[in-house]
1. Seen from all sides and averaged, what is the projected area of the convex hull of the Cα atoms in the chain, in nm²?
2. Report the gain in length on full extension from Asp60 to Val38: 0.36 nm times residue separation, minus Cα-Cα distance, nm rounded to one decimal.
3. Any chance you could run the full-extension gain for Asn30 through Asn122? It's 0.36 nm times the residue separation minus the Cα-Cα distance, nm to one decimal.
4. Going by average Cβ neighbours within 10 Å, how do the peptides 95-101, 118-124 rank, with the highest at the top?
5. Karplus couplings for region 66-73 from phi (6.51 cos²θ - 1.76 cosθ + 1.60, θ = phi - 60°), rounded to Hz, Gly and Pro as x?
6. Mind checking which of Pro73, Pro108, Pro83 has the largest fluctuation in a GNM of the chain, springs on alpha carbons under 10 Å?
7. Can you compute the charge dipole magnitude of region 8-72 about its Cα centre, using +1 on each Lys and Arg Cβ and -1 on each Asp and Glu Cβ, nothing else charged? Give it in debye, rounded to the nearest 20.
8. Check each of the trypsin sites (Lys or Arg not before Pro) in region 1-48 and keep only those in coil by DSSP with at most 12 other C-beta atoms within 10 angstrom; list them in order.
Amino acid sequence: MGTRKTTDLWVTTTNELGALSRLTTQLKSNNVNVECFVAWEEGKTANFRFTTSDNNKARDLWTKAGYTVKEEPVVLWTTSNRPGTLHEGTTALAEANINTFCSYASTPGGTNTTTVVFYTDNPDRTTDVLNRLG
């Protein structure tokens, strides 16, 4: 458990059937694991944000395939999966005057941990604050 600074990869495509499948095909075919992701649509646009086991490789694969990939600094916080943990983390960030722009999580089945991705205005302070929570 703890925190790790990394980047997330933000890919925007046309909102059409199979868009996510085409992105993940590139990863599967090249042995890149998805750690966390979130997807949403905005009208005719589909948005996908990923953290992976090899962000450089994923970015290069998608760029070569014609996608535009934006990279954002994020903090991965692996912590206990129990009621109130997310509240504790977000409260600590707010009290430290850290603004969260985007957040998403992944909780593996059969474990007592969750990994939360925080895209904030200050990744270094985010890391420090979340590390103090344990």
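Here, each number is a calculation from the coordinates, and none is a lab measurement. Small disclaimer: the values here were computed from a predicted structure and weren't measured. All Cβ positions, glycine included, derive from the backbone under ideal geometry; neighbour counts span all protein chains shown.
1. 8.7 nm²
2. Contour length minus the Cα-Cα distance gives 5.9 nm.
3. Full-extension gain reported as 29.9 nm.
4. Ranking, from highest mean packing down: 118-124, 95-101.
5. Listing the rounded values in order: x, 7, 8, 10, 9, 10, 10, x Hz.
6. Pro83
7. My answer is approximately 240 debye.
8. Here the sparse-neighbourhood loop sites are Lys44.
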